[in-house]
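The structure under discussion appears below in the form of structure tokens.
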Amino acid sequence: MTGAIESLSSSILTLDFAAKGFFFFILLFFLGVFTIFFLHTYYKNSLLAHSAGKKKRLPVVFVSLGEACGKIISNFLILLPILGGIVVAAGLMLGVFKAVSSINQFIDREKEIQALTIAINYLNQSDKTLDVRIRSVADGAATLRLDYRAFDPNDSSAPPVEWTKTITIQGAEIHFDCMVFNFSYSEVGAGRQRNIAIPYRVFSDKIAPADGVPLFTGDEISPEDDYGFIPVAYRERIARLLTDADYARDMGVRSVNGSDVWRANVRAGDRFRIKVEQTGGLTLETL
């Protein structure tokens, strides 16, 4: 139904053009009728003047103009039904044009609203990056259980990365270093890309970042990978995004940066989740 209406609206004249066309049609109609009356009257008066031996043609022109106007006025009642039919037909046509134009505008607005709604829904989403549970806090050290699961949204055949770790670190303010890939809003809003965050290190107010606990080791990382924080499921894509500027630009990468999210004054039993927002950046959600 929508396609039929759009096809109709694209094939007919616009309302403005139709109104101008109707005005010129009426003007040409009256001009044509007047010309016919004038030529007929002038030809008749010229014959009469010639037969009477009159040589001045200027009065004949004026007389013919007057008679033509008189015929137009006298025949107005005859022409009125025709003009009325034309006006009614034109009114119906303009009504159709206006209705179709209104429907088409409504459809365009609905499409825009639908597209914006979808884009907003995508941008309002967030993806889980890491679940954290504080097992215990004793002697100035916190023991954390970390649950991680990641998958490539653009490649369902790639196996997800899943692991659970338990680490102990000195300090009461725990920091999580993440590598964040923010894609352009248009790519995310269209559902073609999703922002990615990879947590790769834990440090604290007592442990410097350089001495922090790495999260990806052993089987979780490809041996030939130059970037130690990249899990296998992301290895090829993320490594290329980091090393190939043209590829990153073509994929719609808006920014690549390290980001630190933290939780202060941790206590045993605390649970929270690190999430990557599709509008950009990281958030920490208490569970």
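A short reminder: the numbers here are calculations on the coordinates, not readings from a lab. Note that this is a predicted model, so its numbers are computed, not measured. For neighbour counting, all protein chains shown are included, and Cβ atoms are generated from backbone atoms with ideal geometry for every residue, glycine included.
Projecting label points 7 angstrom from Cα along Cα→Cβ for residue 185 and residue 114 puts them 2.3 nm apart.
May I ask you to evaluate 6.51 cos²θ - 1.76 cosθ + 1.60, the Karplus curve with θ = phi - 60°, for each residue of segment 102-109 and list the ³J(HN,Hα) values in order in whole Hz, giving x for glycine and proline? Residue by residue, segment 102-109 yields 5, 5, 5, 5, 4, 5, 4, 5 Hz.
Suppose R0 equals 45 Å. What FRET efficiency, 1/(1 + (r/R0)^6) with r the Cβ-Cβ distance, do residue 279 and residue 24 give to the nearest 0.05? Between residue 279 and residue 24 the formula returns 0.25. For residue 147 and residue 208, the difference between the fully extended length at 0.36 nm per residue and the C-alpha to C-alpha distance is 19.7 nm.
All other residues whose Cβ lies under 14 angstrom from that of residue 208 are scored, Lys and Arg at +1 and Asp and Glu at -1, for a net of -3.
Taking each residue as 0.36 nm, the span from residue 101 to residue 123 lengthens on full extension beyond its C-alpha to C-alpha distance by 4.7 nm.
Work through the residues other than residue 133 whose Cβ is under 12 Å from its Cβ and net out their charges, Lys, Arg +1 and Asp, Glu -1. Value of the local net charge: +4. What's the FRET efficiency of residue 260 with residue 236 using the Cβ-Cβ distance as r and R₀ = 22 Å, to the nearest 0.05? Step by step, r from the Cβ atoms, then E = 0.25. Per-residue Karplus couplings for segment 175-185, computed as 6.51 cos²θ - 1.76 cosθ + 1.60 with θ equal to phi - 60°, are listed in order as 10, 10, 7, 9, 9, 10, 10, 9, 8, 4, 4 Hz, Gly and Pro entered as x.
Given R₀ = 45 Å, what would the calculated FRET efficiency be for residue 192 paired with residue 92, taking r from the Cβ atoms and rounding to 0.05?
Given R0 = 45 Å and the Cβ-Cβ separation, E is 0.45.
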